[in-house]
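Here the structure is laid out as structure tokens; the discussion comes afterwards.
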Amino acid sequence: MQNNSPFIVYVADIAAAAGGIFPYQKTLPISEAISLELVEIPAGTPLEIDLQLQLISEGVLVQGSIKAEARGKCARCLDSLQIFLDERVSEVIFTPEEIARLLAEGDNEAQDFPAIQDGQVDLEPLLRDVVVLALPLRPLCRRDCPGLCSGCGEKWDDLPDSHHHEVLDPRFAVLEELRAQLQAEEAKETDSEDNA
């Protein structure tokens, strides 16, 4: 079955490559968005792929780099930001026979290894995995970002150095209410005395 995905490479083409190394250099749009909570690579974003594929006894060795641009929000101040990824790739895509051998030896994780199927190597899942692992869980606009004021929600960078909020210990809230009640009673007594 022919697959027209640009991420598909045929094992026969790798075997026929000069020097046994098949160059794979392309800029391709990612088909589905890659998203974490605060960062995303939208669908259609181009991936700059610079790989070399080589046949080895276990399957196909894939080495090189991938570049992509992600968009997101700072985990501290929620400002928009861009993240430029430039990640190394070094993975093996296994032959079905090698996966069967590993499973027979008791390596149960082998069933999740990337595999050559119908004489084809599909690079997209492998590249998506590399990119997902490179995305930060808590992206920051800068390392020392002070974030937002917990009292008013404004960015600390936009507030004066003297900015602060009086924070009362909630355990003293009852005493504060009692103080307010006593002050109100004193004010009534003072008014009564002044009117007398």
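Can you name the number of the only condition in (1) over 27 Å from L51 (Cα atoms); (2) touching a Gly at 6+ places or on another chain (Cβ under 8 Å); (3) of a type in the set (A, V, I, L, M, F, W, C) that L78 fails?
(2)
Restricted to the range 167-189, and to residues that are more than 30 Å from C149 (Cβ to Cβ) and small (G, A, S), which residue is nearest to the chain's Cα centre (by Cα)?
My answer is A184.
Hey, S35 hits all of (1) surrounded by 14 or more Cβ atoms within 10 Å (Cβ to Cβ); (2) over 15 Å from R138 (Cα atoms) but one; which does it fall short on?
(2)
Exactly one condition in (1) in the same structural domain as F22 (by TED's automatic domain parsing); (2) part of a loop (DSSP other than H, G, I, E, B) is false for L140; which is it?
The single condition L140 does not satisfy is (1).
Going residue by residue through the range 86-97, is there one that turns out to be polar (S, T, N, Q) and either over 30 Å from Y10 (Cβ atoms) or in contact with a helix residue (DSSP H, G or I) (Cβ under 6 Å, 6 or more places away or on another chain) (or both)? Outline the logic, then answer.
Applying the first criterion (polar (S, T, N, Q)) to the range 86-97 yields 90, 95.
Still in the running and either over 30 Å from Y10 (Cβ atoms) or in contact with a helix residue (DSSP H, G or I) (Cβ under 6 Å, 6 or more places away or on another chain) (or both): none.
No, there is no match, as no residue in the range 86-97 is polar (S, T, N, Q) and either over 30 Å from Y10 (Cβ atoms) or in contact with a helix residue (DSSP H, G or I) (Cβ under 6 Å, 6 or more places away or on another chain) (or both).
Counting just the residues of the range 94-115 that are loosely packed, with under 12 Cβ neighbours inside 10 Å and under 30 Å from the mean Cα position of the chain (by Cα), which one comes out farthest from L55 (Cα to Cα)?
N108
With the structure loaded, tell me whether I30 is β-branched (V, I, T), surrounded by fewer than 18 Cβ atoms within 10 Å (Cβ to Cβ) and either modelled with pLDDT under 90 or closer than 21 Å to E98 by Cβ (or both) or whether it fails that test. Full working, then the answer.
On the way: β-branched (V, I, T): yes; surrounded by fewer than 18 Cβ atoms within 10 Å (Cβ to Cβ): no; either modelled with pLDDT under 90 or closer than 21 Å to E98 by Cβ (or both): yes.
Taking the combined requirement at face value, the residue does not satisfy it.
Test E124 against the criterion of being of a type in the set (D, E, K, R), in contact (Cβ under 8 Å) with a residue 40 or more places away in the chain and either part of a helix (DSSP H, G or I) or surrounded by fewer than 12 Cβ atoms within 10 Å (Cβ to Cβ) (or both), and give yes or no. It would help to see each step written out before you state the result.
Values: of a type in the set (D, E, K, R): yes; in contact (Cβ under 8 Å) with a residue 40 or more places away in the chain: yes; either part of a helix (DSSP H, G or I) or surrounded by fewer than 12 Cβ atoms within 10 Å (Cβ to Cβ) (or both): yes.
Answer is yes for this residue.
If you check S31 against the conditions, is it free of Cβ contacts under 8 Å to residues at least 12 places away in the same chain and of a type in the set (G, A, S)?
On the way: free of Cβ contacts under 8 Å to residues at least 12 places away in the same chain: no; of a type in the set (G, A, S): yes.
Against the criterion (free of Cβ contacts under 8 Å to residues at least 12 places away in the same chain and of a type in the set (G, A, S)), S31 does not qualify.
The values are calculated or read from the model by the stated rules, or taken from the named source; none is laboratory data. Keep in mind the model is a prediction, meaning the values are calculated, not measured. Virtual Cβ from ideal backbone geometry, glycine too; neighbours counted across all protein chains shown.
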